[in-house]
Amino acid sequence: MDVTWEEYGWERLADGVGRRRLPGWDATAGLVIGRDAVLLYDTGAGLAQGAELRAQAEELTGGRRVTHVALSHPHFDHVLGTAVFSGAEVFGAVGMDTLLPRERAELCADAVRFGADAREAEEAAELLVAPRHTVSGEWTLDLGGRQVLLANVGPGHSGHDLAVCVPGAVPGAPEVVFCGDLVEESGEPQAGPDAIPARWPAALDRLLSLGGEDAVYVPGHGSVVDAAFVRRQRDELARRFGVS
């Protein structure tokens, strides 16, 4: 697909697949373009970031709308832009459909605590869209000429971690695995109050089994990494939390 990703601040990962490191909290957003549908992975830390992602996705796809949104986990910097994607089918790990509406106030408070404008955070939390479709194991989406796999690989970084695996468009092309915050490259993995540390290494084992040795792994924060990096981080987490 002949699009100039870099012109819009995106990094091209494969044919029809790219990611952007969003300003503020360095969270990743991913885009997968099929013949018939367009999937966005995470929506940013607020309505302004979501609107920017929507506009850029339309430019990168020749005016097409995002039809599917997959949310990696229920933290403010990854979900508060979802409301701007009107009409999109929203996916999340099982449980996020009830958790997000219940924790609007906590998401808003977290956003403000980490530097977001209070009024903007309140508006985004009020308009927050919860997933309509929940993934308990794996869910394959056909975007038209390209299938993507949504995989509930957690818990780990949170209780609701969803990865997206995008096979190569041609034989021999590497798979792209969007990891959410199960993998972080720009700093030590963050374990907040909703983390399940004892299960985190197993979640990374699951990621590695899905992507394999040659995949491109896209962290929730930081630069793209390889399987060796994910394996090292898995071992570091196991040592840190005292699990095998």
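Run the dipole for the chain about the Cα centre, Lys and Arg Cβ at +1, Asp and Glu Cβ at -1, nothing else charged, and hand back the magnitude in debye, nearest 20.
I would put it at about 400 debye.
For a quick check: with amide H placed at 1.01 Å from N, whose amide H comes under 5 Å from V90's, ignoring anything fewer than 5 positions away on the same chain?
Long-range HN contacts for V90: V69, R132, H133.
Take every DSSP beta bridge whose two residues both sit in the chain, then give the antiparallel share in percent to the nearest 5.
Here the share of antiparallel DSSP bridges comes out near 65 percent.
Normalised by the empirical 2.2 N^0.38 Å for globular proteins, what value does the Cα Rg of region 61-117 take?
Against the empirical 2.2 N^0.38 Å value, I get 1.25 for region 61-117.
On the accessible surface of the chain, probed at 1.4 Å, how many percent belong to carbon and sulfur atoms?
Result for the chain: 48 percent of the exposed heavy-atom area is carbon or sulfur.
Could you tally the net charge around G212, taking each other residue with its Cβ under 13 Å from the Cβ of G212, Lys/Arg +1 and Asp/Glu -1?
Local charge sum for G212: -3.
If you add up the charges near F178, with Lys and Arg at +1 and Asp and Glu at -1, over every other residue whose beta carbon is less than 10 angstrom from its beta carbon, what do you get? Kindly include the intermediate steps, with their values, before the conclusion.
Numbers: positive: R19; negative: D42.
Its environment carries a net charge of 0.
Could you tell me what percent of the DSSP beta bridges with both partners in region 105-242 are antiparallel, to the nearest 5?
Values: 13 of 18 bridges.
That works out to approximately 70 percent antiparallel.
What FRET efficiency would be calculated for the residue pair E7, V170, taking the C-beta separation as r and a Förster radius of 25 Å, to the nearest 0.05?
Given R0 = 25 Å and the Cβ-Cβ separation, E is 0.55.
Label points 7 Å out from Cα along the Cβ direction at A228 and R65: separation in nm?
Output for this residue pair reads 4.6 nm.
May I ask you to give the average projected area over all directions of the convex hull of the Cα atoms of the chain, in nm² rounded to one decimal? Display every interim value, and only then the final one.
On the way: hull surface 46.9 nm².
Over every viewing direction, the Cα hull of the chain projects on average to 11.7 nm².
Karplus couplings for region 186-195 from phi (6.51 cos²θ - 1.76 cosθ + 1.60, θ = phi - 60°), rounded to Hz, Gly and Pro as x?
7, x, 5, x, 8, 10, x, x, 9, 6
Quick check: from the Cα gyration tensor, does region 3-141 come out rounded (a/c under 1.5), prolate or oblate?
Note, shape of region 3-141 comes out oblate.
In region 138-204, what % of DSSP beta bridges are antiparallel (nearest 5)?
Percent antiparallel among DSSP bridges in region 138-204 is about 100.
Any idea what the relative contact order of the chain is, in percent, if you count C-alpha pairs under 8 Å spaced at least 6 apart?
Values: 567 pairs, mean separation 37.8, N = 244.
This gives 15 percent for the chain.
R113 versus A51, label points 7 Å from Cα toward the beta carbon: distance in nm?
2.8
Helix-only mean residue ellipticity at 222 nm, the chain, DSSP H runs n ≥ 4 weighted -39,500 (n - 2.57), per residue, nearest 500. What is it?
On the way: 7 runs with 71 residues, N = 244.
Theoretical 222 nm ellipticity from helices: -8500 deg cm²/dmol.
The values are calculated or read from the model by the stated rules, or taken from the named source; none is laboratory data. On a predicted model such as this, the values are computed, not experimentally measured, just so you know. Cβ sites come from the backbone with ideal geometry, for glycine too, and all protein chains shown count toward neighbours. These area figures cover heavy atoms from the full protein model, side chains too; ligands, DNA and RNA do not enter into them. Shrake-Rupley method; radii C 1.70, N 1.55, O 1.52, S 1.80 Å.
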